[in-house]
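Only one structure is covered here, and it is reproduced in the block below.
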Amino acid sequence: MVASDILDKKAILQRDRESYAIVPQTPAGIISVDGLQRVVNVAKKYNATLKFTSAQRIAIIGLMESDLDDAWSELGMEPAASIGKCVRSIKVCPGIDNCKRAQQDAVSLGLALDKRYHGMQLPSKFKMAVSGCMNSCSEPAVRDIGVMGTPKGFTLLAGGNAGIRPRIGDVVAEGLDEAEVLEMIGRIIEFYIKSAKKYRLGRLIDDVGLEVFKNEIRLL
């Protein structure tokens, strides 16, 4: 039998074809001291490596299959959606409570998006990011949905992608408050699901045309 990812245990096969990585969920890149200590304890116990990922998660790398159940039990944390056709962890900047440059509450919005969409099954993998200012530290312009804080509210971008065929997200709305952002993202997700296209959102926007897309997801 050829070794592969173990989806029911959220374990990703590594290059050696013997060991696995698991990734506990850290919403908006935030983890408690106790949670971080459990991650460290698991890594020590099973002689694993820790890797901070670009999606603000902590991967525990080098676990054997026989250790997976115990490792998850000892972590006491939900797994992150790190593989498959779904909404991945939402990338979020430090936000208005921490960063002197922030102009909007990125963390509050990021946590709301994480709670609502993290792990949702979609036609293709789907990435989101929220930044509190136009410095865009969380890189919203290269996410399927990106939200950028400005002095006048949030700017919403759609269709970004930093993959094999990079694409900058299109601005679809400006001057939004948090409730309006959540409503419009809901419309985008609904439109994307109904399209049944098994490719990234940016390609769908290119197929239907930006104005048609904006008309479909506009706020009433």
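The values are calculated or read from the model by the stated rules, or taken from the named source; none is laboratory data. These figures come from a predicted structure and were not determined experimentally. Because the Cβ atoms are built from the backbone with ideal geometry, glycine has one as well, and the counts that use them run over all protein chains shown.
Miscellaneous remarks
- Qualifying positions in the stretch 180-200 - of a type in the set (A, V, I, L, M, F, W, C) and loosely packed, with under 15 Cβ neighbours inside 10 Å: I193, A196
- Scanning the stretch 100-116 finds no residues that are within 25 Å of L13 (Cα to Cα) and in contact (Cβ under 8 Å) with a residue 24 or more places away in the chain.
- Strands (runs of 3 or more DSSP E) wholly inside the stretch 112-220 that include at least 1 residues being in contact with a strand residue (DSSP E or B) (Cβ under 7 Å, 6 or more places away or on another chain) and of a type in the set (S, T, Y): 128-131, 153-158
- Of the residues contained in the stretch 70-90, none is found to be buried (at least 20 other Cβ atoms within 10 Å of the Cβ), over 30 Å from K198 (Cβ atoms), of a type in the set (D, E) and assigned by TED's automatic domain parsing to the domain that holds Y20.
- Among residues of the stretch 155-183 that are within 20 Å of K115 (Cβ to Cβ), none has a Cβ under 6 angstrom from a residue that is among the basic types (K, R) and surrounded by 19 or more Cβ atoms within 10 Å (Cβ to Cβ) at a sequence gap of 6+ or on a separate chain.
- Restricting attention to the stretch 147-171, the residues that are of a type in the set (A, V, I, L, M) and surrounded by fewer than 22 Cβ atoms within 10 Å (Cβ to Cβ) add up to 4.
- Only one of the numbered conditions (1) assigned to a loop (DSSP other than H, G, I, E, B); (2) crowded, with 18+ Cβ neighbours inside 10 Å is not met by V107, and that is (1).
- Yes/no for I61 being touching a helix residue (DSSP H, G or I) at 6+ places or on another chain (Cβ under 7 Å), within 28 Å of Q14 (Cβ to Cβ) and not charged (D, E, K, R): no
- Residue match in the stretch 118-127 (condition: under 16 Å from A11 (Cα atoms), surrounded by 15 or more Cβ atoms within 10 Å (Cβ to Cβ), touching a helix residue (DSSP H, G or I) at 6+ places or on another chain (Cβ under 7 Å) and not acidic (D, E)): no
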